[in-house]
Amino acid sequence: QQPVQSPQAVILREGEDAVINCSSSKALYSVHWYRQKHGEAPVFLMILLKGGEQKGHEKISASFNEKKQQSSLYLTASQLSYSGTYFCGTAYNAGNMLTFGGGTRLMVKP
Amino acid sequence: DAGVIQSPRHEVTEMGQEVTLRCKPISGHNSLFWYRQTMMRGLELLIYFNNNVPIDDSGMPEDRFSAKMPNASFSTLKIQPSEPRDSAVYFCASSLAFGYSGNTIYFGEGSWLTVV
């Protein structure tokens, strides 16, 4: 089953914060976050594992709530370079393939 | 280190023609994935290889699609005959023992296919 991402799109001013959510109807083993710019490949941001800690990457961090079967990506003090489409990929066990959500389009304006 | 290498980057072909997309995974990676991306359907997994063996091809749309991995450093995705609805970006991705120890997958730049 495909995870559900929300919101579908968000527009920010430079310096503002954003939260992107990824929800699953099944228990998750891992959540992988990617950012894709137009015309380019998805680029890996971070992975969260079941039972793992919240991860951080510069001003981008993420959490994984196993009970709610949900992960959230936090973008703090957004920069113009954060613009793109963010995807979460989910796996339901250790050997499972990644299934991607529909993406959240983020636009950061000056 | 070189990333996942795909060719061709762009292909325009006529309906009914055969299309072959090529992929070289990251050296040392033993899992390889073919994904297709369209506006309507997003990122869809077509097929997954582990140690050159197809593990799951349930995402392959129909018999017109086939994929092979003759060795650890090369894979092909073939569409024969091609149709306009096959127009999409096809991504190859690879991973080291995907799913274990927090390994993730790394995407190539994609092959942009247009079937007219």
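The values are calculated or read from the model by the stated rules, or taken from the named source; none is laboratory data. Because the structure is a prediction, the values reported are computed rather than measured. Cβ atoms come from the backbone with ideal geometry, glycine included; neighbour counts cover every protein chain shown.
Miscellaneous remarks
- Subset tally (residues that are in a loop (DSSP other than H, G, I, E, B) and either more than 9 Å from chain A (Cβ to nearest Cβ) or under 17 Å from the mean Cα position of the chain (by Cα) (or both)) for the range B:77-100: 8
- Pick from the range B:52-66, criterion more than 9 Å from every other protein chain (Cβ to nearest Cβ) and either of a type in the set (Val, Ile, Thr) or part of a strand (DSSP E or B) (or both), ranking: surrounded by the fewest Cβ atoms within 10 Å (Cβ to Cβ): B:Val53
- Matching entry among A:Ala18, A:Ala27 (being closer than 27 Å to B:Asn30 by Cα and more than 14 Å from every other protein chain (Cβ to nearest Cβ)): A:Ala27
- Condition check for A:Val108: of a type in the set (A, V, I, L, M), at pLDDT 90 or above, under 18 Å from B:Glu44 (Cα atoms) and surrounded by 14 or more Cβ atoms within 10 Å (Cβ to Cβ): no
- Selected residue [basic (Lys, Arg), within 12 Å of chain B (Cβ to nearest Cβ) and without any contact (Cβ under 8 Å) to a residue 40 or more places away in the chain] from A:Lys37, A:Lys50: A:Lys50
Table: residues versus (1) modelled with pLDDT of 95 or more; (2) in a loop (DSSP other than H, G, I, E, B).
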residue	(1), (2)
A:Gln1	no, yes
A:Glu16	yes, yes
A:Val19	yes, no
A:Cys22	yes, no
A:Ala27	no, yes
A:His32	no, no
A:Arg35	yes, no
A:Gly51	no, yes
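- Those residues of the range A:1-15 which are among the hydrophobic types (A, V, I, L, M, F, W, C) and within 13 Å of chain B (Cβ to nearest Cβ), in sequence order: A:Val4
- Residue match in the range A:54-67 (condition: at pLDDT 90 or above and basic (Lys, Arg)): no
- Answer residue from the range B:67-106, given it is modelled with pLDDT under 95 and of a type in the set (Phe, Trp, Tyr) and is surrounded by the fewest Cβ atoms within 10 Å (Cβ to Cβ) among those: B:Tyr100
- B:Ser27 vs. criteria small (Gly, Ala, Ser), exposed (fewer than 15 other Cβ atoms within 10 Å of the Cβ), under 17 Å from A:Met97 (Cα atoms) and out of contact with any Cys (no Cβ under 6 Å at 6 or more places or on another chain): no
- Odd one out for A:Ala94, checked against (1) farther than 26 Å from B:Tyr35 by Cα; (2) at pLDDT below 90: (1)
- Selection from the range A:69-105 of residues that are surrounded by fewer than 17 Cβ atoms within 10 Å (Cβ to Cβ) and among the β-branched types (Val, Ile, Thr): A:Thr76
- Considering (1) closer than 26 Å to A:Gly103 by Cα; (2) away from every other protein chain (no Cβ under 12 Å); (3) assigned to a loop (DSSP other than H, G, I, E, B), the lone condition that B:Leu113 does not fulfil carries the number (3).
- Filter result (outside any strand (DSSP E or B), in contact with a strand residue (DSSP E or B) (Cβ under 8 Å, 6 or more places away or on another chain) and polar (S, T, N, Q)) within the range A:82-110: A:Ser83
- Some residue of the range B:30-44 being within 16 Å of B:Phe107 (Cα to Cα) and either assigned to a loop (DSSP other than H, G, I, E, B) or away from chain A (no Cβ under 14 Å) (or both): yes
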